[in-house]
Amino acid sequence: MNYQVYLSKTAKQIQPSGIRKFFDLASSMKDVISLGVGEPDFITPWNIRETTIASLEEGYTSYTANAGLMELRQEISAYLERRFHASYAAEDEIIVTVGASQALDLAFRMLLNTGDEVLIVEPAFVSYASLVTMAGGTPIPISTNADNGFKVTVEQIEKGITDKTKAILLCSPNNPTGTYLNEEELTKIAQVVKKHDLIVVSDEIYAELTYDEVYSSITSIEGMYERTIVINGFSKGFAMTGWRLGFVAAPREFTQVMLKIHQFTTMCAPHMLQHGAIEALRNSADNVENMKNNYRRRRNYIVQSLNMIGLNCHTPGGAFYVFPSIKSTGLTSDEFAEQLLKQEKVAVVPGNAFGQCGEGYVRCSYATSMEQLQEAMKRMQRFVDTLV
Ligand code: PMP
């Protein structure tokens with residue numbers, strides 16, 4: 001049977017993630033230290049798990065409202081106000097989703113007509129371009145570079161704008177570079193966005209993890225609430241990746257359309273887990289702070305070590321990734337990652353998985369123990385020494 005004839009053009013167009021390919025290779029080997037994963041090495045704090053267990057014991061196993069439990073939306077609304085000075089009504093401006101991933105999907109499906117262009121600041125999280133394509137849009141990469149720590153400039157954005165541009169995807173702190181855009185930088189971006197009448201899809205999934213500055217959200221900048229769709233969730237800051245819980249916050253004219261899509265595709269996020277999310281927002285500030293302090297120590301260590309090894313690396317302001325240059329080795333990103341894995345059993349992700357401008361770099365995640373990081377740095381030193 002020729003299955004190809006049954007597949008939609010869009011489905012065929014989607015490329016598998018460059019990250020998965022590497023994980024599969026690494027997981028087939030023994031004693032690998034993985035700096036490849038994009039998730040916290042911490043287990044979800046106990047109070048969150050305990051609340052969820054109690055919720056199951058009490059029998060909360062039914063659907064919730066499509067937008068999520070009102071109590072959770074109220075907590076999210078208070079959290080957005082408290083942390084980011086952003087006002088969103090719990091009644092109709094917040095939807096609880098199945099991870100930030102679903103929130104992104106809803107945003108693009110709600111916004112895009114065939115041919116609408118979305119600017120994607122690269123290096124970028126692997127899902128964005130495919131999500132835009134699946135929603136019928138056209139992803140337009142905007143390249144950034146290491147000289148200014150991968151911070152996108154107004155000029156770079158303006159170069160990508162055409163009369164088909166509808167939105168720009170910003171991710172701060174960024175995956176894979178860790179780059180954080182502060183209020184001053186966001187204010188400049190906001191000016192271009194307003195000038196060209198664009199919408200910002202702001203992926204703030206790493207907002208809890210900024211190490212040098214207090215987080216600033218673009219939605220809190222004058223005139224930006226109207227044109228911002230905030231994507232966030234519990235996966236990273238609260239160490240809850242497997243829970244698959246996120247949320248989207250936007251003006252009701254947007255959320256109410258997203259809610260129609262959400263209701264028909266997903267119905268609602270899991271009931272008992274939403275109770276855990278309420279607990280996360282109410283009583284986890286200390287846990288989050290502890291994890292963040294841990295990441296900060298590891299970030300400082302890995303940046304210093306990589307630079308000492310001769311792999312040039314800027315100090316990122318957030319998330320749990322560093323994005324060192326491997327250009328001095330004369331290898332491509334793919335060659336570097338593959339040879340490092342085979343020779344020294346350290347898994348990193350080739351930078352080109354995150355867009356063309358990621359070539360010449362690799363992504364290392366420091367969401368792993370200090371002991372593992374120290375061993376990984378020893379092995380990387382040995383590997384680089386064999387090359388020069
Ligand atoms: N955005 C970025 C930038 C990410 O790195 C990830 C997870 N790797 C997601 C969104 C998806 O997060 P979630 O687990 O909440 O779906």
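The values are calculated or read from the model by the stated rules, or taken from the named source; none is laboratory data. This is a predicted model, so every value here is computed, not measured. Positions of Cβ are backbone-derived with ideal geometry, glycine not excepted, and every protein chain shown enters the neighbour counts.
Assorted remarks:
- Count of the stretch 301-354 residues which are assigned to a helix (DSSP H, G or I) and under 17 Å from the mean Cα position of the chain (by Cα): 4
- Residue count for the stretch 208-239, restricted to those that are in contact with a helix residue (DSSP H, G or I) (Cβ under 7 Å, 6 or more places away or on another chain), of a type in the set (A, V, I, L, M) and closer than 28 Å to GLY276 by Cβ: 5
- Residue that is surrounded by the most Cβ atoms within 10 Å (Cβ to Cβ) [pool: residues in the stretch 16-35 that are modelled with pLDDT under 90 and of a type in the set (Gly, Ala, Ser)]: ALA26
- Among the candidates ILE48, ILE14, ILE33, residue that is in contact (Cβ under 8 Å) with a residue 24 or more places away in the chain, within 30 Å of GLN343 (Cα to Cα) and among the hydrophobic types (A, V, I, L, M, F, W, C): ILE33
- Whether a residue is among the small types (Gly, Ala, Ser), assigned to a strand (DSSP E or B) and either touching a strand residue (DSSP E or B) at 6+ places or on another chain (Cβ under 9 Å) or within 16 Å of the ligand (Cβ to nearest atom) (or both) was assessed, and ALA167 passes this test.
- Answer residue from the stretch 264-293, given it is without any contact (Cβ under 8 Å) to a residue 40 or more places away in the chain and among the polar types (S, T, N, Q) and is nearest to GLU50 (Cα to Cα) among those: ASN290
- Taking the criterion of being aromatic (Phe, Trp, Tyr) and either without any contact (Cβ under 8 Å) to a residue 12 or more places away in the chain or in a loop (DSSP other than H, G, I, E, B) (or both), the only residue of the stretch 366-387 that qualifies is TYR366.
- Any hit, the stretch 60-83, residues being of a type outside the set (A, V, I, L, M), within 25 Å of the chain's Cα centre (by Cα), exposed (fewer than 15 other Cβ atoms within 10 Å of the Cβ) and on the phi < 0 side of the Ramachandran plot: yes
- In the stretch 94-129, of all residues being acidic (Asp, Glu) and touching a strand residue (DSSP E or B) at 6+ places or on another chain (Cβ under 7 Å), the one that is nearest to the ligand (Cβ to nearest atom) corresponds to GLU122.
- Unique residue being buried (at least 19 other Cβ atoms within 10 Å of the Cβ) and part of a helix (DSSP H, G or I) when the list is ILE142, ILE157: ILE157
- When GLU184 is tested against (1) under 12 Å from the mean Cα position of the chain (by Cα); (2) outside any loop (DSSP other than H, G, I, E, B), exactly one condition is not met: (1).
- For first residues located in the stretch 198-216 and within 17 Å of ARG297 (Cβ to Cβ), partners that are away from the ligand (no atom under 15 Å from the Cβ) and lie 6+ apart or on another chain with Cβ distances below 8 Å form the pairs GLU208/VAL288; GLU208/LYS292; LEU209/LYS292; TYR211/LYS292; TYR211/ARG296; TYR211/ARG299.
- Residues considered: PHE336, PHE354. Of these, the only one that is in contact (Cβ under 8 Å) with a residue 60 or more places away in the chain and buried (at least 23 other Cβ atoms within 10 Å of the Cβ) is PHE354.
- In this entry, GLN13 is excluded by the filter for residues that are modelled with pLDDT of 95 or more, at negative phi and not basic (Lys, Arg).
- Candidates VAL126, VAL132, VAL118, VAL152 - the one that is modelled with pLDDT under 95, crowded, with 16+ Cβ neighbours inside 10 Å and not assigned by TED's automatic domain parsing to the domain that holds THR315: VAL126
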